[in-house]
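J.: Right, I'll just put the structure down here and ask away after.
The values are calculated or read from the model by the stated rules, or taken from the named source; none is laboratory data. Just so we're clear, the structure is a prediction, and the values are computed from it rather than from any experiment. A quick note on method: Cβ atoms are made from the backbone with ideal geometry, for glycine too, and the neighbour counts reach across all protein chains shown.
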Amino acid sequence: MHKTNLKSNRPTTRGALGDGDLDFKLTYDDAVPGNTVWTFSDVGVGDVPQGYAGYSSLNILCPDELSFHYTLPAGWSATESDQGGMRSLNFYISNPAANGQPADVERFLQSLSTSFTLTTPWDYPPVGSEISVMIDAAPTSGFIDGNGELHIYEFVRGTITWMEAYNAAHARIVNGEHGYLATLTSLEEELFVYGSIAKSPGWLGGTRLRYTDGAKIDGSRAIDAQGNISTDINDYTYDTSIANQWYWADGASENGLVFYGTPTVDNTNGPVNGVFSFFSGWYTYNKYPQYQSIILTSWQESNNYGGEYCLQFAQNGSASWNDLEYNRADTYYNSGYYVEYGPFPVGTGFTGRGSANLEIPLQYDVHFDVNNPDCPLTYPNQSLWTGKR
Ligand SMILES: [Ca+2]
Ligand SMILES: [Ca+2]
């Protein structure tokens, strides 16, 4: 048995052009024996979209066999999620005006390198074999859930009511699917969104509002062809005898799910067994001791202070939740809303709004049998054995 590597068959660079304002190449130095490092090059980032001060976020989605090497520029932060064979790296730019300009993003992408950790030569990434990069002027991040599925989140500025935000979220589209007011249904998702983009107070998709006949809001009672729900508070009730449970009013599988069984804080009867909730206060503080520094305890929520029935997130820079009036829309209490998209299936790249999906230029070896030298096979992204052993 004889085998050899056919170096000439290795690609050295690959490029991609997104359908938004982003393009880049991955470069692999073929001259270095055993090299597993790829670097980004030829990065081009387009102009900042009108109405924005700069880019706010940069997300990378890839198989989790990839290791990324980088140094964060000043004013940038990073969050990572890694589940189900996929990895999502999220870089958040805290001051888009200062360090989110196209040249800053280009410099950072150009400084990235990545390498594989392969235990065997044929142990290539099982899904996708793609690197997806998305830049966005709006704060956006991508989370990989326990099933390896992708959820994308976005914070949208705007002082609008909860019902208006419900409709506005539905009108937004990523990867071809409508968004919805974000649903944080696990501690992992909660901490991820807080750690990546949640720097401003804004609406989530939870409420205890009901239609006046007692039905939950779930998107099924549209008032127009766009699927909007009524924005008139008179079509709803927040009477605690009817509007007595907190539930998610939208979302892929959690639409209608009750996450808190009482209208106001009740540490015995409120928390629903096996369902995640994260209201401010001592209950949450004691239940998650390792995250006490990001949970507000100055008051116990939900407190229905003056009539509050819609779910608000990231007040005073905290990760915990608060109940708020539907129309409490000012920059201190509520400066926008959180939109979620997905879940998208394993292997989905980003599309739209400054994104590029790139096949990873894998090193591949071709093995052949000297007794049959005419049959060296080349096959991208695979290590093949051919001929007789
Ligand atoms: Ca969710
Ligand atoms: Ca409150």
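J.: Please find, within region 280-305, the residue that is farthest from ligand 1 (Cβ to nearest atom) out of those that are touching a residue at least 12 places away in the same chain (Cβ under 8 Å) and assigned to a helix (DSSP H, G or I).
T.: W282
J.: Moving on. Considering only residues that are hydrophobic (A, V, I, L, M, F, W, C), in a strand (DSSP E or B) and surrounded by 21 or more Cβ atoms within 10 Å (Cβ to Cβ), which ones fall in region 151-171?
T.: I152, F155 - these are the residues of region 151-171 that are hydrophobic (A, V, I, L, M, F, W, C), in a strand (DSSP E or B) and surrounded by 21 or more Cβ atoms within 10 Å (Cβ to Cβ).
J.: So for region 208-226 (the condition being within 16 Å of ligand 2 (Cβ to nearest atom), touching a helix residue (DSSP H, G or I) at 6+ places or on another chain (Cβ under 9 Å), modelled with pLDDT of 95 or more and not basic (K, R)), does at least one residue qualify?
T.: yes
Quick grid of which residues meet (1) in contact with an Asp or Glu (Cβ under 9 Å, 6 or more places away or on another chain); (2) under 20 Å from L257 (Cα atoms); (3) not hydrophobic (A, V, I, L, M, F, W, C):
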position	(1), (2), (3)
L150	no, no, no
W162	yes, yes, no
R172	yes, no, yes
H178	no, yes, yes
L181	yes, yes, no
S200	no, no, yes
W203	no, yes, no
R210	yes, yes, yes
D213	no, yes, yes
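J.: Further, regarding this structure: Any residue at all in region 284-299 that is closer than 27 Å to I152 by Cβ, surrounded by fewer than 23 Cβ atoms within 10 Å (Cβ to Cβ) and β-branched (V, I, T)?
T.: So far as region 284-299 goes, yes, one or more of its residues are closer than 27 Å to I152 by Cβ, surrounded by fewer than 23 Cβ atoms within 10 Å (Cβ to Cβ) and β-branched (V, I, T).
J.: Another one. Under 8 Å by Cβ, and 6 or more places apart or on different chains, what pairs join a residue from region 73-99 that is touching a residue at least 40 places away in the same chain (Cβ under 8 Å) and polar (S, T, N, Q) with one that is surrounded by fewer than 19 Cβ atoms within 10 Å (Cβ to Cβ) and part of a strand (DSSP E or B)?
T.: What qualifies is S88/E80; S88/D82; N90/A78; N90/E80; S94/S77.
J.: Could you check region 303-331 and list, in sequence order, the residues that are more than 25 Å from the chain's Cα centre (by Cα), hydroxyl-bearing (S, T, Y) and more than 12 Å from ligand 2 (Cβ to nearest atom)?
T.: Residue satisfying the conditions is Y326 alone.
J.: Write out, first by first residue and then by second, each pair whose Cβ atoms fall under 6 Å of each other, whose residues are 6+ apart or on separate chains, and whose first residue, in region 35-61, is touching a residue at least 24 places away in the same chain (Cβ under 8 Å) and not assigned by TED's automatic domain parsing to the domain that holds E130 while the second is part of a strand (DSSP E or B) and not polar (S, T, N, Q).
T.: That search, which allows pairs on different chains as well, returns nothing.
J.: Hey, another quick one. Hey, among T207, T140, which residue is crowded, with 24+ Cβ neighbours inside 10 Å and closer than 23 Å to G354 by Cα?
T.: On inspection, the qualifying residue turns out to be T140.
J.: Within region 259-270, is even one residue away from ligand 2 (no atom under 16 Å from the Cβ), assigned by TED's automatic domain parsing to the domain that holds S186, among the aliphatic types (A, V, I, L, M) and buried (at least 16 other Cβ atoms within 10 Å of the Cβ)?
T.: no
J.: Residue by residue through region 219-243, note down the ones that are touching a strand residue (DSSP E or B) at 6+ places or on another chain (Cβ under 9 Å) and not aromatic (F, W, Y).
T.: Here is the first cut: in region 219-243, the ones touching a strand residue (DSSP E or B) at 6+ places or on another chain (Cβ under 9 Å) are 219, 221, 227, 230, 235-239, 242-243.
Listed by number, the residues that qualify are G219, R221, G227, S230, D235, T237, D239, I242, A243.
J.: Continuing with this model, one more query. For region 322-335, which residues satisfy the criterion of being surrounded by 23 or more Cβ atoms within 10 Å (Cβ to Cβ) and not hydrophobic (A, V, I, L, M, F, W, C)?
T.: Listed by number, the residues that qualify are N322, D323, N334.
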